[in-house]
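Rule-based calculations on the coordinates, nothing more; no lab input. What you are looking at is a predicted structure, and each value in this text was computed from that prediction instead of being measured. Here the Cβ is made from the backbone with ideal geometry for all residues, glycine too, and neighbour counts use every protein chain on show.
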Amino acid sequence: MSRTAYVNGRYCDLRDACVNVEDRGYQFADGVYEVCEVRGARLVDFPRHMVRLQRSLRELQIDEPMPITALAIIMREVVRRNRVTYGIVYLQVTRGVARRDHAFPPSSVKPSVVVTARALDYEKKQQTAATGIKVITLAENRWPRVDIKSVSLLPNVLAKQEAREKGAYEAWYVDSDGFVTEGASSNAWIVTKDGRAVTRSVDRGILAGITRAVLVEVMGAVQIRLEERPFTPAEAREAAEAFVTSASQIVMPVVAIDGQVVGNGQPGGITRQLREEFHRFSAFS
C-alpha cells in the first residue's frame, strides 16, 4: 500500500511529497518537529506534544503555522489515510521558503508544514522489550539548546551510527562534568538497588520528553520513588536496572551499558511494571 503525506496544504503520495530546495529546514535545519505515538489509530498524549511544539516555535521565533485544532485534524487524517493503528505520526514545521540568507526572512514568509505517518511492528517492539537493549556512552557533542526539539539532528545521527557500529541500540551523551544527559533519541533512566528511579531534571541539558513527563505521573501513582538528578555512567553500570523512554519506545529496558551487564542482564521488575502501566496514564485523542 502506498503511503500518504501532507505537505503545505495538500495530501499526496509519499513518493511525490517534496519541499522547495530553499526551504529553511533543508538549508539551515531551521525548524522543529514532534513525534506522537499512534495506538488504536489514536494519537497518544497529543495535547502535551502540542504544548512542547508551541514552546519550540517560540524559542526559535517561528510563527505557529495554523491553530492546534487544525493540526490535529491533519495529523489524524494522515494517520487514517495510512491506515496506521499502531505506529508514529511525524510533524515538522520550518520557518518556510525564502532566498538563502542566514538572517530571518521577511514576516510574509509562511512556515512550512509536513506530516507523515507509518506503522510499527507491535510484536517486534514487545520482543525487544522482553530482552532489552544495549547502550553506549559518548561525549556530548550537541549545541546547548537541546531543550528545543529542533530538526538539527546530525550529532544524534552520528551518535546512533556509533552505537550501531558497536552493536548497541542507543547512545547516552555524557556532559563535560561526567554526567549522563540523555540518549540520542530518548531520555535516560536508572533504578538504584533500593528501588529509586533516577533521571536528570528537565533543564536546558535535556529535552523535556513527553513520555518522561507521563512516566513521572505513573511513578507517583504506583509509589515508585523518583529522584531527578544527574548520574554518571559508572553509577548506571552498577545500577539494578536501566531504561530509556521515548514516544516510539515508551519504556524500553537497558540490559548493558558500554558492554557491561546491568543488574542480572534481564529487564528489571520496575522497568517492566512501568512499561505495563504507562498507557493507563496517557491521553488518547
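Give me the extension gain from E22 to T69: residue separation times 0.36 nm, minus the current Cα-Cα distance, reported in nm with one decimal.
Fully extending the segment from E22 to T69 adds 14.1 nm.
FRET efficiency for R196 and V261, Cβ-Cβ distance as r, R0 = 22 Å, nearest 0.05?
0.60
Could you pull out which residues in the stretch 166-199 have an amide N less than 15 Å from a spot 7 Å beyond the Cα of T131, following the Cα-Cβ vector?
Counting only backbone N, you get 167-170.
Pick from E162, E170, E37 the residue whose mean-square fluctuation is largest in a GNM of the chain, springs joining Cα atoms under 10 Å.
Residue with maximal mean-square fluctuation among E162, E170, E37: E162.
Mark the label point 7 Å from the Cα of E277 along Cα→Cβ and return the residues of the stretch 26-70 whose backbone N is within less than 14 Å of it.
none
Rank M75, M50, M252 by mean-square fluctuation in a GNM of the chain with C-alpha springs under 10 angstrom and give only the top-ranked residue.
Comparing M75, M50, M252 in the GNM, the peak value goes to M50.
Report ³J(HN,Hα) in whole Hz for each residue of the stretch 65-79, in order, from the Karplus equation J = 6.51 cos²θ - 1.76 cosθ + 1.60 where θ = phi - 60°; Gly and Pro get x.
Listing the rounded values in order: x, 5, x, 4, 4, 6, 4, 4, 4, 5, 5, 5, 5, 5, 4 Hz.
Do any trypsin sites (Lys or Arg not before Pro) in the stretch 24-125 lie in a DSSP loop with no more than 14 other beta carbon atoms within 10 Å, and if so, which? Don't skip to the end; give the middle numbers.
Details: sites: R24, R39, R42, R48, R52, R55, R58, R76, R80, R81, R83, R95, R99, R100, R118, K124, K125; in loops: R83, R95, R99, R100.
When the trypsin sites (Lys or Arg not before Pro) of the stretch 24-125 are filtered for loop state and at most 14 Cβ neighbours within 10 Å, R83, R99, R100 remain.
Most mobile of A242, A130, A171 per a Gaussian network model of the chain (Cα springs, under 10 Å)?
Of A242, A130, A171, the most mobile in the Gaussian network model is A130.
Return, ordered by residue number, the residues of the stretch 70-86 whose backbone nitrogen is under 20 Å from a label point located 7 Å along Cα→Cβ of K124.
Answer for the stretch 70-86: 79, 82-86.
For D258, list long-range residues whose amide hydrogen, built 1.01 Å from N in the peptide plane, is under 5 Å from its own amide hydrogen.
V135, I136, T137
For the stretch 69-115 and the stretch 41-66, write down the distance between their C-alpha centroids in whole Å.
11
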